[in-house]
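Accompanying notes for the structure given below.
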Amino acid sequence: MTGGATDTVARPLLELTGITKRYGDLLANDDVSLRVAPGEVVAMLGENGAGKSTLMKVVYGLVRPDAGTVAVDGRPLDISSPKDAMGAGIGMVTQEFSLVETMTVTDNVALSGTGLGRVDRAETRRRVVEAMERVGVSLDPDRLVGSLSIGERQRVEIVKALFHDCRVVILDEPTAVLTPQDVRALFETVRRLRAAGLGILVVSHKLREVAEISDRVVVLRRGRLVGDRVTATVRDEELAALMMGGSTDEVAAATATPAGEPSELEAAVGMGDPEPVQPAGAGPTTGEPVLLLTGLTVSRGGRDVLSGIDLTVRAGEIVGLAGVSGNGQTELVEVLSGTLPVTSGTLEVDGQDVTSADVGRRLAAGLGRLTEDRRGSVVPQMSVEYNLVLEDLPAYTKRGLLDRKAVRAHAEAMIERFDIRARPADAVATLSGGNMQKVLLARALARRPRVLVVAQPTRGLDIGAYRYVHQQLDELRTEGAGVLLVSEDLDELRALSDRVVVLFRGEVVGEMPVAEASPDRLGVLMAGGGSS
Ligand SMILES: Nc1ncnc2c1ncn2[C@@H]1O[C@H](COP(=O)(O)OP(=O)(O)OP(=O)(O)O)[C@@H](O)[C@H]1O
Ligand SMILES: [Mg+2]
């Protein structure tokens, strides 16, 4: 044997060379080369639409590149399906999970490989449990996937990858849908995988997460790889500059604000930091109620998912709704949006009783909404411009016909304002995750609602868009609208809200001005430790 040791050190586990992918005249990936070593965690940053998911999908066989090669252990591969990728030791956890809800954890993991044909069930179950132990995941292998939380489902996807002895694991924005507790559990798993010598490629928009979990960080900008740095020594400002395309000097100038005051960019960069911008609460509001819930109760499957909710949002204030996912927030947003019926109690929008009104009447009463179900809120096969006016069709209709010119003009204005990386006629289905989110936000905000109900408004958005959306919500408040902000991001809640309301097991268990809403206090209430 000659040169074995040096070879292994020098040889990357995963190597991408010259990956190029075009969609029409758009270069989604432009000659991207990248290496991941065994036992290395590489984070990928980049603006919405930069081409991150496209690159990950190329590696996992979901997208066929126009040029370039993927190699594992120095062997170039011909990957044309996820099955090929898995066979070559590459696993991926996509944002839309591919699990069957009516099957158990074990069956889901096993199904992903061979199909359930003649496999020995007991043996399969044993191997699934073993794979879970390897990554420190504890899940009941016999539970139905339909009964698992989002965080738990994601763990099933990771176990799936390991079950097939993957040596490279790709995670595309894995933390976007997770609660803070689940993020901690995920990072613990990632550390174990790294210790076991796997190579990990993880996409994130959060610099704090990148700093915590990665060894190296690469930046994609408009399809090109524009930066490759060692995480331990790179500064946040430099990463932000690489992402947004400014030079470090420009960014340094932009951060030079009066001492003690966080600049726009510092605030953006520090997003998700434990102590962000000071709470923005403008003090008690005396505006008239624009959203009024009285004794609102909602039953689902014979169980109260919301019970006796009394809640007021006044003109000119942002009310933050905090709670651990699964405590009724999703249902509250659905019931306000008109997609889930009220069991008892009343609901008023801007003085009008809309308790049993349909969606159209609620929108007409002045409600704006952004629910968590992004895909359910758009018509994916239809254009960006059509989706942008979907909730306002009467305003864009002339003598029974859609006013195409007005629709186009509106779309162009929204694309410009929200920096949506798409053309008016593009099908929404082809948009990147963050850009689809921007379309929905633009639609909800453009209507200038009297009260806006938003769930997780900045989930999946890049740093610039995060900042922009916060400005927009703030502006809406200044103009005198009310906002009910549902977010799992406590920093976001505290940065924007005037008041914070805590939901636990379908009940309001706390309400306080933002100045009193410390993370500790919220944490206790969210865990059901309120004195009530
Ligand atoms: N099937 C497709 N057809 C046409 N264009 C596409 C298709 N898939 C992706 N694109 C375009 O390719 C570009 C890159 O998209 P991609 O999903 O890779 O971005 P991303 O970096 O993952 O963004 P985000 O942070 O928003 O998830 C976008 O402009 C997107 O509109
Ligand atoms: Mg993406």
Somewhere in region 401-418, is a residue within 11 Å of ligand 1 (Cβ to nearest atom) and within 21 Å of G223 (Cβ to Cβ)? no
Of the residues in region 305-320, those that are surrounded by fewer than 24 Cβ atoms within 10 Å (Cβ to Cβ) and within 26 Å of the chain's Cα centre (by Cα) come to V305
Within region 441-459, residues out of contact with any Pro (no Cβ under 9 Å at 6 or more places or on another chain) and within 14 Å of ligand 1 (Cβ to nearest atom) come out as T458, R459
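Mind telling me which of the residues D489, D462, D498 ends up being on the phi < 0 side of the Ramachandran plot and within 16 Å of ligand 1 (Cβ to nearest atom)? Spell out the reasoning first.
Numbers: D489 fails: within 16 Å of ligand 1 (Cβ to nearest atom); D498 fails: within 16 Å of ligand 1 (Cβ to nearest atom).
Going through D489, D462, D498 in turn, the sole match is D462.
Restricting attention to helices (runs of 4 or more DSSP H) lying wholly within region 323-439, give those where 1 or more residues are under 22 Å from the mean Cα position of the chain (by Cα). Please lay out each step first, then the result.
Numbers: elements: 329-337, 359-365, 384-389, 404-417.
Output list reads 329-337, 384-389, 404-417.
Residue-wise test of (1) modelled with pLDDT under 95; (2) basic (K, R); (3) at positive phi.
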site	(1), (2), (3)
R216	no, yes, no
V219	no, no, no
T231	no, no, no
R235	yes, yes, no
M244	yes, no, no
V251	yes, no, no
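Quick one: which helices (runs of 4 or more DSSP H) sit completely within region 1-113 and have at least 1 residues that are within 15 Å of ligand 2 (Cβ to nearest atom), at pLDDT 90 or above and not polar (S, T, N, Q)? Lay out the reasoning, then the answer.
Values: elements: 4-10, 52-59, 82-87, 105-111.
Passing ranges, in order: 52-59.
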Taking region 43-61 and keeping residues more than 9 Å from ligand 1 (Cβ to nearest atom) and either surrounded by fewer than 22 Cβ atoms within 10 Å (Cβ to Cβ) or over 19 Å from V72 (Cα atoms) (or both) leaves L45
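The values are calculated or read from the model by the stated rules, or taken from the named source; none is laboratory data. Here the structure is a predicted model, which means the values were calculated and not measured. Positions of Cβ are generated from backbone atoms using ideal geometry, with glycine treated the same way; all protein chains shown enter the neighbour counts.
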